[in-house]
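> Here's a structure for you.
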Amino acid sequence: MSMHHGMFQSLFAYKAWASSQLLALLEAGALADDAKTSHTVLRILNHAYVVDRIFQANMQGIRHGYTALNTPETPSAAALRAATRDLDQWYRDYIASLSLDHVNDSVAFTFVDGTAGVMTRAQMLMHVATHGAYHRGEVGRLLEVHGIEAPPDSLSRFLTVAH
């Protein structure tokens, strides 16, 4: 899989933009009147964050320390927004420093369930980007069911308004 470096930069700038808007809405109390849904939404987004952390470690060839695809505790929207912002910036910096010669290098790692995996750095980046988008969409649907309009979350919108 070969993809232009600038495409990854755009994709992760979009990811940071979409995640920040969604978490800001939650931090502002969008689901304050529904503790159960608020908890569910934070669990979904924390899962996406944990997977991002796992693949961050995989790309660096270090142990991540996670034994599950979520944490036992559920962070507040504010804490998750700050942690996600920092991690999204790490990915953007990583992509900026990643040599085109190494984007297609295969990296061996161990999945949380103990099975062996091998993916290229490009495949890992694509997984992180698409996995997060899936879960933001899931949260957007839960917000819609509760009469709350989710922030825009499309690459075409980002490329039009954010640039």
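> Quick one: Kirkwood hydrodynamic radius for the chain, alpha-carbon pairs, angstrom, one decimal?
One over the average 1/r among Cα pairs gives 16.5 Å for the chain.
> Here is a further query. If you take the beta carbon distance between Asp101 and Glu138 as r and set R0 to 45 Å, what does 1/(1 + (r/R0)^6) give as a FRET efficiency, to the nearest 0.05?
Result of the calculation: an efficiency of 0.80.
> If I model a spin label at Thr40 and Thr120 as a point 7 Å from the Cα along the Cα→Cβ vector, what separation in nanometres do I get?
3.9
> Just want the answer: with Cβ charges of +1 for Lys and Arg and -1 for Asp and Glu, which residue in His64, Ala79, Ser99 is farthest toward the dipole's positive end in the chain?
So the residue furthest toward the plus end is Ser99.
> If you rank Thr40, Thr160 by fewest surrounding Cβ atoms within 10 Å, what's the result?
Starting with the residue having the fewest Cβ neighbours, the order is Thr160, Thr40.
> Please arrange Glu27, Glu144 by how many other C-beta atoms lie within 10 Å of their C-beta, fewest to most.
Placing the least packed residue first, the sequence is Glu144, Glu27.
> DSSP H helices in the chain with Cα extent of 24 Å or more along the helix axis and mean Kyte-Doolittle hydropathy at least 1.6?
none
> Given that compact globular proteins tend to follow 2.2 N^0.38 Å, what is the ratio of the alpha-carbon Rg of the range 106-163 to that value?
Compactness ratio reported: 1.55.
> So if I place +1 on the C-beta of Lys and Arg and -1 on the C-beta of Asp and Glu, and nothing else carries charge, what would the dipole magnitude of the chain be about its Cα centre? I want it in debye, nearest 20.
The calculation lands at about 140 debye.
> Quick check: pseudo-label points 7 Å beyond the Cα along Cα→Cβ at Thr74 and Ser156, how many nm apart are they?
3.5
> If you don't mind, there's one more thing I want to ask. For Tyr94 and Ala24, what is the calculated FRET efficiency with R₀ set at 22 Å and r taken between the beta-carbons, to the nearest 0.05?
Rounded to the nearest 0.05, the efficiency is 0.40.
Bear in mind these aren't lab numbers, they're just calculated from the coordinates by the rules spelled out. Remember, predicted model here, so these are calculated numbers, not experimental data. Don't worry about glycine lacking a Cβ; one is built from the backbone with ideal geometry, like all the others, and counts go over all protein chains shown.
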